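S.K.: To start, I am sharing the structure in question, which I have written as structure tokens.
Nothing in this text is a laboratory measurement; each read-out follows from the coordinates by a stated rule. Not measured: the values here are computed from a predicted model. Cβ placement follows ideal geometry from the backbone for every residue including glycine, while neighbour counts extend to all protein chains displayed.
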Amino acid sequence: MDNTQKEVWFEGSNEFKIGLPTIENSLDNIGQYFLGVIRLMPGMTDVKLIDQGNDFVSIQTNEGIMNRTNISVENEKDKILIEFDEEYQAGKIITTNSHFMHEFKTVENAVKHRIVISSLKAPGFIGFFYRNFGSKSIGRAFLNAHKNYLENYNE
């Protein structure tokens, strides 16, 4: 997917001390992967996998329904790229739509994880606050949840 024409809402990265094979193994079941990461997000107390297919995952959280579609995973020698579109309906309060790109790349004795969240749409009054003030805290929460999940992943 092409991120060049998409407005970036959050971009950030971190590193962790695992290898790409661990990440690749964790992606064997993309539904369980996303479920494991989302469970580690702040405020998530009840997270269940509703449905999954080759390129989609639906997750029920205590806040609402998360649908991830158009999921693609590309494995290369020194990097793994995951992209998907997300619609997250947090009850009747807000529905967000965005595009996610996760890049895991080997750097020296670690893996660098970079996230780009783009094309964010969050309508309404609450959406205004989400769009304008939530990117750093939400983006960092995603980075930390992935790090915690992958560093504690049992193959």
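S.K.: Of THR106, THR95, which residue is out of contact with any His (no Cβ under 6 Å at 6 or more places or on another chain), polar (S, T, N, Q), in contact (Cβ under 8 Å) with a residue 24 or more places away in the chain and under 18 Å from LEU143 (Cβ atoms)?
M.R.: Result of the check over THR106, THR95: THR106.
S.K.: Taking LYS136, is it charged (D, E, K, R) and over 19 Å from ASN148 (Cβ atoms)?
M.R.: no
S.K.: On to the next question. Return yes or no: is SER98 of a type in the set (Ser, Thr, Tyr), touching a strand residue (DSSP E or B) at 6+ places or on another chain (Cβ under 8 Å) and either buried (at least 16 other Cβ atoms within 10 Å of the Cβ) or not in a strand (DSSP E or B) (or both)?
M.R.: It is true that SER98 is of a type in the set (Ser, Thr, Tyr), touching a strand residue (DSSP E or B) at 6+ places or on another chain (Cβ under 8 Å) and either buried (at least 16 other Cβ atoms within 10 Å of the Cβ) or not in a strand (DSSP E or B) (or both).
S.K.: Taking the criterion of being closer than 17 Å to GLU87 by Cα, surrounded by 14 or more Cβ atoms within 10 Å (Cβ to Cβ), among the β-branched types (Val, Ile, Thr) and touching a His at 6+ places or on another chain (Cβ under 7 Å), would at least one residue in segment 51-71 satisfy it?
M.R.: no
S.K.: Another question, then. Specify which of the listed residues (ARG131, ARG140, ARG114) is surrounded by 14 or more Cβ atoms within 10 Å (Cβ to Cβ), of a type in the set (Lys, Arg) and in a strand (DSSP E or B).
M.R.: Unique residue meeting the criteria: ARG114.
S.K.: A further question follows. In the set GLU83, GLU7, GLU76, which member is within 19 Å of HIS146 (Cβ to Cβ) and in contact (Cβ under 8 Å) with a residue 24 or more places away in the chain?
M.R.: Answer to the selection: GLU83.
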